[in-house]
1. Do you know which residues across segment 269-281 are surrounded by fewer than 20 Cβ atoms within 10 Å (Cβ to Cβ) and either of a type in the set (S, T, N, Q) or away from the ligand (no atom under 11 Å from the Cβ) (or both)?
2. Answer yes or no as to whether Gly59 is farther than 17 Å from Lys249 by Cβ, in contact with a Lys or Arg (Cβ under 8 Å, 6 or more places away or on another chain) and in contact (Cβ under 8 Å) with a residue 40 or more places away in the chain.
3. Name the residue that is surrounded by the fewest Cβ atoms within 10 Å (Cβ to Cβ), counting only residues in segment 282-295 that are over 18 Å from Leu50 (Cβ atoms) and either within 14 Å of the ligand (Cβ to nearest atom) or free of Cβ contacts under 8 Å to residues at least 60 places away in the same chain (or both).
4. Hey, among the residues in segment 220-241 that are of a type in the set (D, E, K, R) and surrounded by fewer than 18 Cβ atoms within 10 Å (Cβ to Cβ), which one's nearest to the ligand (Cβ to nearest atom)?
5. Test each condition in (1) over 19 Å from Ser98 (Cβ atoms); (2) more than 15 Å from the ligand (Cβ to nearest atom); (3) assigned by TED's automatic domain parsing to the domain that holds Leu96 for Lys246 and report the one that comes out false.
6. Any residue in segment 262-281 that's in contact (Cβ under 8 Å) with a residue 60 or more places away in the chain: show its pairings with residues that are among the polar types (S, T, N, Q) and surrounded by fewer than 18 Cβ atoms within 10 Å (Cβ to Cβ) at Cβ separation under 9 Å, as long as the two are six or more apart or on different chains.
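The values are calculated or read from the model by the stated rules, or taken from the named source; none is laboratory data. Keep in mind that this is a model prediction, so the values were computed, not measured. Virtual Cβ from ideal backbone geometry, glycine too; neighbours counted across all protein chains shown.
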Amino acid sequence: MFKYHCLNPIAKVGLDGFTEEYVKTEDIGEADGILVRSASMHDMDLPDNLLAVARAGAGVNNIPLDKCASKGIVVFNTPGANANGVKEIVIAAMLLASRDIVGGINWVEANKDNPNIAKDAEKVKKNFAGTEVQDKKLGIIGLGAIGVKVANVAKHMGMEVYGYDPYVSVDAAWNLSRDVKHVINVDEIYENCDVITIHVPLLDSTREMINEAAIAKMKEGVILLNFARDLLVDEEAVLAGIEQGKVRKYVTDFPNLTTAGKPGCIVIPHLGASTEESEDNCAVMAVKELKNFLENGNINNS
Ligand code: MLT
């Protein structure tokens, strides 16, 4: 009989034989398998008999991969399981950045006791005017499950979509999404696109790939969206870009003291995959992976 432990709540999991048990990292005990969402496992002592870790999500940067590899612990993730949730928030973020919806809502909050709110709204609305995304160019860095879904929606919104992914061939990109102009040099995205969204894993090769040099190549007034990982972006360089007027808005799903509350930044508390559907999909896929491995020795997504 295997023991599975869940390190932080990841929604309801209802597969036969799996007992939901949320524990603190220091109380993980002698688990054979660990199910984790985004809690960091870097500082924890891994149980001696641990055989597998299943991450309910795509990114595995919260898991000590080297330590797991040296102990022969198999690590699974759930690619694509939350792609729809992330796609929808990316589209919402693009619209939030193009239209000053946040500024408008803040104005209403500040005027909630103003008896002339309706009349004053007509006077101030010019301050919150935005732009439309139709006929603008969207650059997608990373044509995985999320990038392709974003491309398809953006195309239906009348955008011209550029995609860059060094691991996807031109033919594969064409099959993945016929809506993408697949470029082989990321500079083509920097130089042409009005909105740029990044959907790549955090690796040594991708760390701070959006940096001062990249921003220097971008169009004036570019909108940057980051729903992948904070360290993909040199956020000090983005703030400098906002200050210079080069970057119009930076929307990030990864709050920190560099960007929170800063002009030009819209900061969201890591909500990309926080939908009922995405959480369930990830949880179920992760549990299936874990059970399939622990009980039958099968490995799918590792
Ligand atoms: C992911 O990597 O898929 C997300 O970070 C999932 C999450 O919000 O846990």
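1. Selection gives Ser274, Thr275, Glu276, Glu277, Asp280.
2. Spelling it out, Gly59 is indeed farther than 17 Å from Lys249 by Cβ, in contact with a Lys or Arg (Cβ under 8 Å, 6 or more places away or on another chain) and in contact (Cβ under 8 Å) with a residue 40 or more places away in the chain.
3. Across segment 282-295, the extreme among qualifying residues is Met285.
4. My answer is Asp230.
5. Single failed check for Lys246: (1).
6. Correct list of pairs: His270/Ser38; Ala273/Ser38; Thr275/Asn84; Glu277/Asn84; Ser278/Asn84; Asn281/Asn84.
The rows are residues; the columns are (1) over 25 Å from Gly272 (Cα atoms); (2) over 23 Å from the mean Cα position of the chain (by Cα); (3) assigned to a loop (DSSP other than H, G, I, E, B).
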site: Ala93; (1), (2), (3): no, no, no
site: Gly103; (1), (2), (3): no, yes, no
site: Asn106; (1), (2), (3): no, yes, no
site: Lys112; (1), (2), (3): yes, yes, yes
site: Pro115; (1), (2), (3): yes, yes, yes
site: Asp120; (1), (2), (3): yes, yes, no
site: Lys126; (1), (2), (3): yes, yes, no
site: Val133; (1), (2), (3): no, no, yes
site: Ala151; (1), (2), (3): no, no, no
